[in-house]
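Just below is one structure, and these are the notes that go with it.
Read-outs: derived from the displayed coordinates by stated rules, not from any lab. Fair warning: this is a prediction, and the values are worked out from it, not measured in the lab. With ideal geometry, Cβ positions are generated from the backbone for all residues, glycine too; neighbour counts draw on all protein chains shown.
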Amino acid sequence: MIELKPLVERIVDSGFPELKQVRICAFYVPYPIRKAFLCFGRNNRNKYAIKVCPSLKNVSEGVLTGGLAHELAHILGEVSLDDSSSKSYFRLCRTYSWYQTLHERSTDLTVVKRGFAKQLLEFVIYVEQRREPYQKKDCLTQRELRAIIRGLE
């Protein structure tokens, strides 16, 4: 089983240095997470928790890194907002499916820009082997990620 704390610290150090001052804990939960394998929540303005599904306890570090980087990108987006903007942002995501699509795809592009494209692809492949394939409305697809990675090489 991969220890989450040092992995999150390495991801933050190498790709999300703006989050070094943000308190982020990650932990495996004893239950499946509805519709996802990871999710994040905020306890207060500067303290976040990333919940990790128990089925990820025995995956490769690349798979876990891709999922964690995605959640860290969400956190990065949120810490830049004040409370009022944050509430409006999440209300838009819940109300409009097109806005949720924009949000998820933008989050994936942040992951790519921060140097974790290959790990995100590993995570997407892992997830799609265990449930229905992602659509463009959900995130960057395998095909899109592969094209981006080819362009970066």
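Taking 0.36 nm per residue of separation and subtracting the current Cα-Cα distance, fully stretching the chain between Glu9 and Lys113 would add 35.6 nm. In the chain, the calculated helix contribution to ellipticity at 222 nm averages -17500 deg cm²/dmol per residue, counting -39,500 (n - 2.57) for every DSSP H run with n ≥ 4. Before anything else, pin down the relative contact order of the range 92-153: Cα pairs under 8 Å, at least 6 apart, normalised by residue count, whole percent. Result for the range 92-153 is 35 percent.
Which whole-angstrom value gives the distance between the alpha carbon centres of the range 100-117 and the range 124-153? First find each Cα centre; the distance between them is then 11 Å.
The calculated FRET efficiency for the pair Arg150 and Arg91, based on their C-beta separation and a Förster distance of 35 Å, comes to about 0.40. You can think of it this way: the chain between Tyr31 and Gln142 has 37.2 nm of extra reach, that is 0.36 nm per residue less the Cα-Cα gap. The calculated Kirkwood hydrodynamic radius for the range 4-152 is 15.7 Å, given to one decimal from all distinct C-alpha pairs.
Mean sequence separation of contacting Cα pairs (under 8 Å, at least six apart), scaled by the length of the chain, corresponds to a relative contact order of 21 percent.
Pairs Lys47/Lys136; Lys51/Lys137; Lys20/Lys137: which are spaced more than 27 Å apart, C-alpha to C-alpha? Too far apart for the 27 Å limit: Lys47/Lys136; Lys20/Lys137.
Label 7 Å along Cα→Cβ of Met1; the range 14-55 residues with amide nitrogen under 15 Å? From the range 14-55, the list is 26-32, 51-55.
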